C-alpha cells in the first residue's frame with residue numbers, strides 16, 4: 001500500500017512539474033481542498049484568458065469494522081486519485097467547465113473472520129476466512145463544473161467543484177479459505193463463485209462516482 005501511494009505521489013509531482021514548466025504562459029495557482037475523494041491539492045497553470053491546465057492528487061482512507069451473525073468483518077475504503085484536467089472559463093472569470101480524467105487507485109477491501117457456518121447457494125459451510133476487494137478502471141474520465149480561478153486576479157481565491165467520474169464496471173475479487181475435504185472444497189469454490197457472480201451483477205451499474213469539492217487557492 002505504501003508503494004502504491006508513493007507511486008501516486010511521484011506521478012502527481014511529475015504532472016505538476018510538467019505543468020509548471022509552461023508557467024511562462026501565465027500565473028500559477030495552488031489549491032488545497034476537501035472532497036468526496038478525501039483531501040487533495042492541485043497545481044493550476046494559466047494557458048490563456050479562458051483556459052487553465054490542472055493536475056493534482058486526492059488521498060483518503062476510512063477503516064471500518066462490524067459484527068454480523070456469522071462473522072466479524074473489517075474493511076478499508078481507500079481513495080487514491082490523480083486528476084489531470086482542463087478548465088475552461090467561458091467568461092474569463094470564476095465560473096468554469098472542467099474536462100479530463102483521473103488516474104484511479106480507489107479500492108474497497110474487506111476481510112471476514114467467521115465464527116459460525118456461512119451459507120452459500122443454500123448450503124452452510126464452515127470456513128476459516130474470507131477476503132475480498134472492489135477496484136475500478138485505472139483511468140476514469142471526468143466532467144464537471146466549478147467556481148474559482150486559481151490563476152485569476154488577486155492572490156487568494158475560493159474553490160469548489162461539482163462533477164462526475166466514470167470509473168467503469170466495478171472489478172470484484174474474493175477468496176475463501178477453509179480446511180474442508182477436497183470434494184467439499186470443490187463444491188464450496190463453485191457455490192462461492194456463483195455468489196460472487198450474483199454480487200457482481202448487483203453492483204454492475206455502479207459505474208459513476210460523484211465529486212463535490214470545496215477549498216481555497218492562492219496564486220504565485
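Just so you know, all these numbers are worked out from the coordinates, no wet-lab data involved. Source: prediction; values computed, not measured. Note that we place each Cβ from the backbone using ideal geometry, even for glycine, and neighbour counts take in every protein chain shown.
In terms of packing, defined here as the mean over residues of other Cβ atoms within 10 angstrom, the peptides 196-207, 114-125, 157-168 line up highest first as 157-168, 114-125, 196-207.
Relative to the dominant Cα principal axis of the chain, helix 182-202 is inclined by about 40°.
For region 2-219, the extents of the C-alpha atoms along the principal axes are 70, 30, 26 Å, listed from largest to smallest. Compared with the dominant Cα axis of the chain, that is its longest principal axis, helix 2-20 is turned about 20°.
Each part reduced to its alpha carbon centroid, region 166-197 and region 86-127 end up 20 Å apart.
Using 20 Å as the cut-off for backbone N distance, which residues of region 90-108 belong to the label zone defined by a point 7 Å from the Cα of residue 200 along Cα→Cβ? Label zone hits: 106-108. Report summary: the helix-based calculation at 222 nm, which adds -39500 (n - 2.57) for every DSSP H run with n ≥ 4 and divides by the residues of the chain, gives -6500 deg cm²/dmol.
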